[in-house]
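> Please find one structure pasted underneath; my questions will follow.
The values are calculated or read from the model by the stated rules, or taken from the named source; none is laboratory data. Keep in mind the model is a prediction, meaning the values are calculated, not measured. Here the Cβ is made from the backbone with ideal geometry for all residues, glycine too, and neighbour counts use every protein chain on show.
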């Protein structure tokens with residue numbers, strides 16, 4: 001990365017995150033270790049903001065103390081909170097993450113998807129924008145008219161869209177109501193990123209080639225992850241594979257979110273090949289796994305700003 005005097009980030013090349021916010025409370029051996037604002041897209045956007053990328057977050061939060069923490073956390077990390085829709089007399093969402101012996105998290109969520117509302121100001125999409133979105137927030141029927149409209153506006157404007165499917169097992173019962181929105185999201189995107197688990201839940205498919213055959217009519221660039229197994233990137237040029245480096249982990253919370261952020265960071269830096277983007281994505285993902293938190297470390301931020 002170039003120094004601040006020659007920073008490659010244009011003030012008009014912003015990243016717009018569309019996703020949920022929660023307060024993550026992390027547990028180890030059933031004891032609380034840390035509480036930090038989170039959410040899949042939220043984690044990505046905060047890390048990008050920490051790295052100096054102009055970012056805004058489109059989300060909603062309760063008009064409570066947790067909502068204040070979330071908005072302040074965004075601003076402290078260089079992300080605009082202008083499009084955070086807060087509602088008085090509504091409680092913010094909470095997530096409990098229980099780390100197992102491998103430091104992988106099992107989640108319990110305390111939130112009411114039916115009460116989610118996006119009725120505040122929304123950004124005007126520009127051709128220079130990058131839009132990152134995903135998880136159930138991107139298909140939730142309660143707000144799909146607003147989110148779908150934003151995504152279609154972004155596509156029409158010529159923005160670049162990255163969709164992280166991130167479909168969790170606890171939403172399988174909702175699949176009949178959201179399947180069409182998931183596939184519309186894929187069709188609107190330049191890159192789709194999903195895990196083997198995601199496509200197992202969605203299509204009962206467990207073979208990478210079969211998954212790409214299903215996805216490619218909607219989006220021809222697919223990043224397929226599979227935990228500690230190799231990463232596959234499918235495109236019209238074929239399939240490229242990348243090994244996943246084994247590291248000592250403190251927590252895997254935010255690993256996939258920061259993978260997304262690192263990929264987008266590399267794209268904004270001008271890397272136009274999959275190998276360079278995946279290398280940066282893994283660097284960010286591994287960094288967050290070495291600490292108890294959802295975002296890239298101060299050390300990595302310093303390295304990025306120093307051009308290392």
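> When residues of segment 94-110 are filtered for being more than 19 Å from the chain's Cα centre (by Cα) and surrounded by 15 or more Cβ atoms within 10 Å (Cβ to Cβ), how many remain?
Residues that pass the stated criteria total 3.
> Would you confirm whether any residue within segment 22-40 is crowded, with 18+ Cβ neighbours inside 10 Å, in contact with a helix residue (DSSP H, G or I) (Cβ under 8 Å, 6 or more places away or on another chain), at pLDDT 90 or above and under 20 Å from residue 129 (Cα atoms)?
Yes, segment 22-40 contains at least one residue that is crowded, with 18+ Cβ neighbours inside 10 Å, in contact with a helix residue (DSSP H, G or I) (Cβ under 8 Å, 6 or more places away or on another chain), at pLDDT 90 or above and under 20 Å from residue 129 (Cα atoms).
> What about residue 210, is it modelled with pLDDT of 95 or more and surrounded by fewer than 14 Cβ atoms within 10 Å (Cβ to Cβ)? Lay out the reasoning, then the answer.
Numbers: modelled with pLDDT of 95 or more: yes; surrounded by fewer than 14 Cβ atoms within 10 Å (Cβ to Cβ): yes.
Taking the combined requirement at face value, the residue satisfies it.
> Test each condition in (1) at pLDDT 95 or above; (2) out of contact with any helix residue (DSSP H, G or I) (no Cβ under 7 Å at 6 or more places or on another chain); (3) within 24 Å of residue 251 (Cβ to Cβ); (4) buried (at least 19 other Cβ atoms within 10 Å of the Cβ) for residue 16 and report the one that comes out false.
Among (1) at pLDDT 95 or above; (2) out of contact with any helix residue (DSSP H, G or I) (no Cβ under 7 Å at 6 or more places or on another chain); (3) within 24 Å of residue 251 (Cβ to Cβ); (4) buried (at least 19 other Cβ atoms within 10 Å of the Cβ), the lone unmet condition for residue 16 is (3).
> Moving on to the next point. Go through segment 270-285 and give me each residue that's closer than 24 Å to residue 76 by Cβ and surrounded by fewer than 20 Cβ atoms within 10 Å (Cβ to Cβ).
Of everything in segment 270-285, just one residue is closer than 24 Å to residue 76 by Cβ and surrounded by fewer than 20 Cβ atoms within 10 Å (Cβ to Cβ), namely 283.
> So for segment 241-264 (the condition being closer than 23 Å to residue 199 by Cα, more than 17 Å from the chain's Cα centre (by Cα), buried (at least 21 other Cβ atoms within 10 Å of the Cβ) and modelled with pLDDT of 95 or more), does at least one residue qualify? Can you show your working first?
Our first condition is that a residue be closer than 23 Å to residue 199 by Cα; within segment 241-264, this holds for 241-244, 252-264.
Filter once more, so that each one left must be more than 17 Å from the chain's Cα centre (by Cα): 241-244.
Then drop every residue that is not buried (at least 21 other Cβ atoms within 10 Å of the Cβ), which leaves none.
The answer is no, given that none of the residues of segment 241-264 is closer than 23 Å to residue 199 by Cα, more than 17 Å from the chain's Cα centre (by Cα), buried (at least 21 other Cβ atoms within 10 Å of the Cβ) and modelled with pLDDT of 95 or more.
> Being modelled with pLDDT under 95 and part of a helix (DSSP H, G or I) is the filter; apply it to segment 41-67 and report the residue that is surrounded by the most Cβ atoms within 10 Å (Cβ to Cβ).
Checking each candidate, the answer is 67.
> Moving to a separate point now. If I filter segment 289-297 for residues that are more than 20 Å from residue 133 (Cα to Cα), assigned to a strand (DSSP E or B) and modelled with pLDDT of 95 or more, do I get at least one hit? Talk me through it step by step, then tell me what you get.
Of the residues in segment 289-297, the ones more than 20 Å from residue 133 (Cα to Cα) are 289-293, 297.
Now restrict to residues that are assigned to a strand (DSSP E or B): none.
No: zero hits.
> Right, something else. How do the pairs read when you match residues in segment 252-269 that are in contact (Cβ under 8 Å) with a residue 24 or more places away in the chain and on the phi > 0 side of the Ramachandran plot with residues anywhere that are buried (at least 24 other Cβ atoms within 10 Å of the Cβ) and in a helix (DSSP H, G or I), using Cβ under 7 Å and keeping only pairs 6 or more apart or on different chains?
254/43; 254/288
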